[in-house]
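Here the structure comes first, spelled out in structure tokens, and everything after it is commentary.
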Amino acid sequence: MGFFPNEFSEYLAQDCNRADFIQEWLESRGVNSNRVVIDGKNHILVQFGSSSYNPQFKIKTVIAHHDRVQESPGANDNSAADWQLMNWAVWLKDYPSFHNVRIFFTDGEELGWTVTNQGAFGIAKTFQRLGITNDDVYVFDACGRGEIPILSKSGLSSLASAKFKSQFNDLYTRTQNILKRATDGRWMTLPVPYSDNASFLACGIPAVAITLLPAEEASLYARKINSDKSLEDAVMNRESSKQKRIEENIPDFSYKEHLPYTWRLFHTQNDNIESLTPASFKVMESILKSLAESKTPC
């Protein structure tokens, strides 16, 4: 596709060492990064010079997973978001003021059959151990198809403390404001399957997840969610939904036919470069610019 540079196609190649690619691509553009290995997972951390940070404001930890399933090119899940954050990192390098952003390209998200198996869980546990619990954590996953940003519903446990709920809701509201500014109000809140945000939530660190969908798919999915509460429970992996499927002998995959077509492409050969939409990259550029400009006092 003419919109995408040849390097993006190289990133999608099955034999690409994606962690090495990210670091080499960034280095060639003057952006330093570090390899952070936790529990055998290769994460890439991008931090900027000291002038990029002001300790009076919250740090924004921004995350996109770089791993993919072997059977798929992974163009949308999650190469598009990787590419968007890589280009954003180059832009941030010359940002004229402080932005308080650090970026993690995480490994092992696709292994996350449970939260503790996710590669990001090791990062979140490290944050927890070091007392880094006041960051704003933003997870971007599947941001290469569609023009409507979707902010995932919280899915917070009913057992979460009042303090944690308050912290999360504050981040959630501020994220809504970022999306409003970036998209002239064209965004939605819908149930989204957990990504790396689940690891941080499990460790008591507020985290939000953002994805994109085509407008028609987002509207259809919203109507289905409004008419079928069990669909939301299944998408959010709630225990009540799992128990109901067990009791009624309903296959786990039964609800997937009701998901947006974009999500049904995940982990297949059809999650390819031809499925991506150039408009998504313009939307993400606006969101990331708005995120850089957003500053919250500690």
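Which of (1) assigned to a loop (DSSP other than H, G, I, E, B); (2) surrounded by fewer than 17 Cβ atoms within 10 Å (Cβ to Cβ) is the odd one out, the single condition Lys165 does not satisfy?
(1)
Give the stretch 136-156 a look and list any residue that's at pLDDT 90 or above and surrounded by fewer than 20 Cβ atoms within 10 Å (Cβ to Cβ), or say none.
Passing the criteria: Glu147, Leu151, Lys153.
Has the stretch 218-239 got any residue that is closer than 24 Å to Ser290 by Cβ and not aliphatic (A, V, I, L, M)?
So far as the stretch 218-239 goes, yes, one or more of its residues are closer than 24 Å to Ser290 by Cβ and not aliphatic (A, V, I, L, M).
Scan the stretch 186-220 for residues that are within 13 Å of the chain's Cα centre (by Cα) and surrounded by fewer than 21 Cβ atoms within 10 Å (Cβ to Cβ) and jot them down.
The one that is within 13 Å of the chain's Cα centre (by Cα) and surrounded by fewer than 21 Cβ atoms within 10 Å (Cβ to Cβ): Pro193.
Which members of the stretch 31-75 meet the condition of being of a type outside the set (Val, Ile, Thr), touching a Leu at 6+ places or on another chain (Cβ under 6 Å) and buried (at least 17 other Cβ atoms within 10 Å of the Cβ)?
Scanning the stretch 31-75 gives Ser33, Ala64, Pro73, Ala75.
Considering only the stretch 168-211, how many residues are in a helix (DSSP H, G or I), touching a strand residue (DSSP E or B) at 6+ places or on another chain (Cβ under 6 Å), closer than 14 Å to Lys60 by Cα and of a type in the set (A, V, I, L, M, F, W, C)?
2
The values are calculated or read from the model by the stated rules, or taken from the named source; none is laboratory data. None of these values were measured; they are calculated from a predicted model. Virtual Cβ from ideal backbone geometry, glycine too; neighbours counted across all protein chains shown.
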